[in-house]
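All remarks here apply to the structure that follows.
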Amino acid sequence: MIIAAKDEAARIGPTVEEARGLPGVDLVIVVDDGSTDATVARALDAGARVLKHRRNRGKGAAMQTGAEGVRRIEQREADDGTAAGGPRHLLFLDADLGGTAAEAAPLIEPVRRGDADMAIALFPATRLRLGGHGFVVRLARNGVLRATGWEPEQPLNGQRCITRAAFDAATPLARGFGVETGLTIDVLRAGFRVVEVEVPLEHRATGTDLRAQLHRAHQFTDVARALAARELRPTLRRQWDRARGRAVAAPGELSRKIIPMFLGNRLE
């Protein structure tokens, strides 16, 4: 499993300790995303393997670093003959779950059984407190619905269990806080199955002070960027296919058709 963390020294230890006891979890990787506190030391003390970014690169980059770390460990296991089976499923948990991380097992089960390719957690406490009416949640939910036809209840929830095949189909991941929205869209568009599972987890609540408002603004920007990129790609693909089809009959026209197409998109 993979935990992206930044300045979570106060909670990363209990999160790792409880996560290590989850069924099927034999490896916990913490990706320290440029922390300035004792996050690395606390994670190591709790039994995690730690990968470190020298500077903050965002949640999406941390998740990809963690997945690559798992891949390298599996390659070493294969080389020395200690590999237990195929590629591990990837379980992503937030660093601030603390003791509630022990309750994440229901999130793993649909993927282990083969009933889903990605399971996304529903936090009961969040459902009661917010009802999913935050402006960033609405943006993500409506964007996923528009892009895929599926409407998630908690589109920003970072607690996810996913098969390696589904994860690989969604890479490269969207940057920053747009990673969950982009991941959901890309996995669904690739034909994989996604479910939401109610799990009794709860992380530190986002407040209402200036810092919290800035966090939400950053979140909004990253989600909007992820949606914009995914709405543009099908358009570019259709334009490319039309230009390529027309060029079959007139190969000399290909460059004159494609170059203006991309210059026009760049200027819009």
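Selection of region 1-38 for residues being surrounded by fewer than 24 Cβ atoms within 10 Å (Cβ to Cβ), among the aliphatic types (A, V, I, L, M) and over 13 Å from Arg49 (Cβ atoms) yields Ala9, Ala10, Leu22, Ala38. The test for being in contact with a Gly (Cβ under 7 Å, 6 or more places away or on another chain) and surrounded by fewer than 18 Cβ atoms within 10 Å (Cβ to Cβ) does not hold for Asp80.
Read-outs throughout are calculated quantities, based only on the coordinates presented, and are distinct from any laboratory measurement. All figures in this text were calculated on a predicted structure; none of them were measured in a lab. FYI the Cβ positions are ideal-geometry reconstructions off the backbone, even for glycines, and counts take in every protein chain you see.
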